[in-house]
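See below for the structure under consideration.
The values are calculated or read from the model by the stated rules, or taken from the named source; none is laboratory data. Just so it is clear, the model here is predicted, and its values are computed rather than measured. When we count neighbours, we look across all protein chains shown, and the Cβ atoms used for this are built from the backbone with ideal geometry, even at glycine. All accessible areas refer to the heavy atoms of the entire protein, side chains included, with ligands and DNA or RNA removed. Shrake-Rupley method; radii C 1.70, N 1.55, O 1.52, S 1.80 Å.
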Amino acid sequence: MARDNVILAYYGELPDELAGPLEQHLMTCEECQEELRSIQALELPLAAFPVVEPSPNLLAQSRMQLDEALDAIPPHGFLTQVRTNFFAWMSHVRTAPALATLLVGVGFIGGNFLNRYQVAHEPRPKLGPTYTNSTESVIANVTGIERTPNSELVQVHYNKIVPETKEGSLDSPEIRDLLMKGALAPAQGIRAQSVSMLANECKAGHECAASEDGKGVRGALMVSLRYDKDSGVRLNALEGLEPYVSEDLRVRDAVLESLAHDPDANVRRAAVDLLTPVQHDSSVRQVLRQVSTQDDNPYIRTVSYNALQGSDSIQ
């Protein structure tokens, strides 16, 4: 699926709700990265060839071959003949209004009795909230998030075919999955609420473990930190990743990228503060040297320089 999505994304035909998960997948999958590089390498040679229209003779020959293939199709079987006769009979029914009205009436009465029988004998639903497995259906997008004050209850409104609502604890896998989808929603407010709640869960020490495939809450926060266009969302993602800067090299690299390249000064300042516990690391010192001389913000240059002096004394 990821290889197919790489092709769609390259030609600009991948839906927005699948673009974020694909970016997250490309971070850890070397095969899909190679697939993308192959497509890019193939584009230039193909562009050198002119587009050739089929000749009239080729079109005429193709039509003749198609006609011959249709004539060579064997006669229809018994089931096909029954189906044809049924539709022919239905055409006769349409020409007889009285008979058609009678059949419709009989069907309505029979369906009414059948529906009453099913309702009377179906099992009674159990009381209490129920949750469906998120893998059984595709969530189109998240449309709203509401949290009950001073509690762990969250209502997440999302679209499948029609709008639906799921209510549950922030610790439940279903709510977490919806919040991670909300972090990729087109609406800025939905993304901000989702990332803020996920970040608070990580800061509180709840389920936020790292996964080898780059998925999960921690991976979703890193995707928001790298790619979200709203600086407030990126700040929330930084706060959620703070407990893992020391132990997770992927989180540390994401924070270093923000320090070196994020266009918002507030995000870069927050990134410098997060790197304080690991300022003795060689990769961290390398970025701090670059920022201390090249960053446009004088405060960030000063803080980076001071951090370098502290790390040198530690060494």
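Residue-wise test of (1) closer than 19 Å to residue 219 by Cα; (2) open to solvent by 80 Å² or more (accessible area, probe 1.4 Å); (3) in contact with a Cys (Cβ under 9 Å, 6 or more places away or on another chain); (4) not in a helix (DSSP H, G or I).
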{"site": "4", "(1), (2), (3), (4)": "no, yes, no, no"}
{"site": "13", "(1), (2), (3), (4)": "no, yes, no, yes"}
{"site": "20", "(1), (2), (3), (4)": "yes, no, no, no"}
{"site": "25", "(1), (2), (3), (4)": "yes, no, yes, no"}
{"site": "42", "(1), (2), (3), (4)": "no, yes, no, no"}
{"site": "45", "(1), (2), (3), (4)": "no, no, no, no"}
Quick check, is residue 207 modelled with pLDDT under 80 and in a strand (DSSP E or B)? no
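Which residue, of 245, 195, is under 29 Å from residue 146 (Cβ atoms) and open to solvent by less than 10 Å² (accessible area, probe 1.4 Å)?
The match here is 195.
Yes/no matrix, rows are residues, columns are (1) at pLDDT 90 or above; (2) touching a Ser or Thr at 6+ places or on another chain (Cβ under 9 Å); (3) outside any helix (DSSP H, G or I):
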site	(1), (2), (3)
234	yes, yes, no
243	no, no, no
277	no, yes, no
288	no, yes, no
301	no, yes, no
307	no, yes, no
Of all residues in segment 250-275 being open to solvent by less than 30 Å² (accessible area, probe 1.4 Å) and outside any helix (DSSP H, G or I), the one that is farthest from residue 306 (Cα to Cα): 262
Residues of segment 146-188 satisfying the condition of being farther than 22 Å from residue 230 by Cβ, open to solvent by 70 Å² or more (accessible area, probe 1.4 Å), in a strand (DSSP E or B) and of a type in the set (Asp, Glu): 167
Checked 238, 221, 225 against criteria (more than 16 Å from residue 181 (Cα to Cα) and touching a residue at least 24 places away in the same chain (Cβ under 8 Å)); the one match is 238
All but one of (1) open to solvent by less than 10 Å² (accessible area, probe 1.4 Å); (2) under 28 Å from residue 298 (Cα atoms); (3) touching a Pro at 6+ places or on another chain (Cβ under 7 Å) hold for residue 202; state the number of the condition that does not hold. (2)
Filter segment 245-275 for residues that are modelled with pLDDT under 90 and of a type in the set (S, T, N, Q); the one that is nearest to residue 216 (Cα to Cα) is 246
Of the candidates 70, 66, the one satisfying the condition of being surrounded by 10 or more Cβ atoms within 10 Å (Cβ to Cβ) and modelled with pLDDT of 75 or more is 66
